1. Met64's amide H: which non-local residues (gap 5+, or another chain) put their own amide H closer than 5 Å, with H modeled 1.01 Å from N in plane and none for Pro or chain starts?
2. Could you derive backbone 3J(HN,Hα) for segment 46-61 from the dihedral phi with the Karplus parameters 6.51, -1.76 and 1.60 (θ = phi - 60°), listing whole Hz in sequence and x where the residue is Gly or Pro?
3. Would you mind getting me the FRET efficiency between Arg54 and Ala99? Use the beta-carbon distance for r and R0 = 22 Å, nearest 0.05.
4. Under a Cβ-Cβ cut-off of 12 Å, what is the net charge of the residues other than Arg75 that fall near it, where Lys and Arg count +1 and Asp and Glu count -1?
Amino acid sequence: MRHGLAVANLPPATAVGSVQELLDLPQIVAPPWARVDLKLPGKSGFEAAMVLRRLSPRMRIVLMTGTDEPGNRSRAQAAGADRYLLKPIREAELLATLARA
């Protein structure tokens, strides 16, 4: 993952570094899940979650951050994220979270 935004099911799986890079993709296939870092260059992970939610209302969106600030969990939920996780995150934990989201 280059900077913190990974979207599944874009053949092959695609990692982009910003919300703008996501929007600039030539064709966006509605992926089943997205793993989004809260701190992205340019727009925030909250904004990325809103964009992704508009692209696919059923997508599982997991926002991740290394610094938990007051209000972030409620902001993540309001932005459309299914889960909000603190880093470091073990791969097994992420997969379990995606299965439950």
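Each reported figure results from applying straightforward, stated rules to the coordinates on display, with no laboratory input. These numbers come from a predicted model, not from an experiment. Cβ placement follows ideal geometry from the backbone for every residue including glycine, while neighbour counts extend to all protein chains displayed.
1. Sorted by chain and number, the residues that satisfy this are Val36, Asp37, Leu38, Leu85.
2. Along segment 46-61, the couplings run 4, 5, 4, 4, 5, 4, 5, 5, 5, 5, 8, x, 9, 4, 8, 10 Hz.
3. 0.40
4. Numbers: positive: Arg73; negative: Glu47, Asp68, Glu69.
Local net charge: -2.
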